[in-house]
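Read-outs: derived from the displayed coordinates by stated rules, not from any lab. Just so it is clear, the structure is predicted and the values come from calculations on it, not from any experiment. FYI the Cβ positions are ideal-geometry reconstructions off the backbone, even for glycines, and counts take in every protein chain you see.
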Amino acid sequence: LLPLASWSAVMAIDATVWALACLVVWRVAQSPAARNEDGPRRWAARWAPQPLLIVALAGAGVYFVAASVTAPHGIWDAWAIWNARARFLFRGYPDVWMQAFSPALDWSHPDYPLLVPVSVARAWAYIGEERVTVPILLAATFCAGIVATAAMSVSRSATAWRGVLTAVMILASPAFLANAVAQCADIPLGFYILTTCVLIGRATEVDSRPGWWAVAGVAAGLAAWTKNEGLAFAGIVLVI
């Protein structure tokens, strides 16, 4: 967190950063190939509602909601590490948030990167209070991000049907859904690793713009900021 006097200043900076990030990604994506790939009608036709995908989404949604109601704070690692640190950051800002890294809490891995706790704390700051639904929705967002990124990438490089099948196979994985509901950093880390790989693939295309490498680097950096394993991943990406 930045050493600013209030959450309002943090939110103003957040809005500026997000606006600039969206502008950069939009500008990078404006290559001739991106503009000419598919017209709106063809794209809509390729992704017309697929019964198999609808069933998979419904089943995964029911499981996610039921599991979140049963364990709204996630598994032990979630409430004892990630969400606990988010509460320290939110309740202690701007004066005593550093207590989250006290030696007395060595058991809670204070060395872990902070992207997930900071994201939860910032969302609480936006709404003005702690709500258990915030980490649940954050977990659902990253879960959906993995499914959508994988499906769209496969659809772009192969066929729409294979993209749909990719989404269905991911949604049908009990381990994937269990990790998503857990509210830990594994699913966010997986999202950034997947996104980095997809962006690198886009950057290596013949007609691609160099800016895709920069966006891929940002994704790898976010992976490093998510979990310790992400640091190793970012290092490998940098080397290769």
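Using C-alpha pairs under 8 Å with a sequence gap of at least 6, the mean separation divided by the residue count of the stretch 115-240 gives a relative contact order of 21 percent. Distance between the C-alpha centres of the stretch 209-237 and the stretch 149-176: 22 Å, rounded to the whole angstrom.
Rounded to two decimals, the Cα-based Rg/Rh of the stretch 69-158, with Kirkwood Rh, is 1.08. Applying the Karplus relation 6.51 cos²θ - 1.76 cosθ + 1.60 with θ = phi - 60° to the stretch 53-64 yields 3J(HN,Hα) values of 5, 4, 5, 5, 5, 5, x, 5, x, 4, 4, 4 Hz, where x marks Gly and Pro.
Across the chain, the fraction of Cα-Cα pairs farther apart than 30 Å, rounded to a whole number, is 33%. Axis of helix 186-203 versus longest Cα principal axis of the chain: the two differ by about 40°, to the nearest ten degrees. Seen from Ala100, the other residues with C-beta closer than 11 Å to its C-beta sum to a net charge of +3, counting Lys and Arg as +1 and Asp and Glu as -1. Taking every Cα-Cα distance in the stretch 105-229 and sorting them into 5 Å bins from zero, the calculated P(r) comes out as 2, 11, 16, 19, 19, 15, 10, 5, 2, 1, 0 percent.
Across the chain, the mean sequence separation of Cα contacts (distance under 8 Å, 6 or more residues apart), normalised by length, yields a relative contact order of 21 percent. Once the other residues with Cβ under 15 Å from the Cβ of Ala232 are scored (Lys, Arg +1; Asp, Glu -1), what is the net sum? Local net charge: -2.
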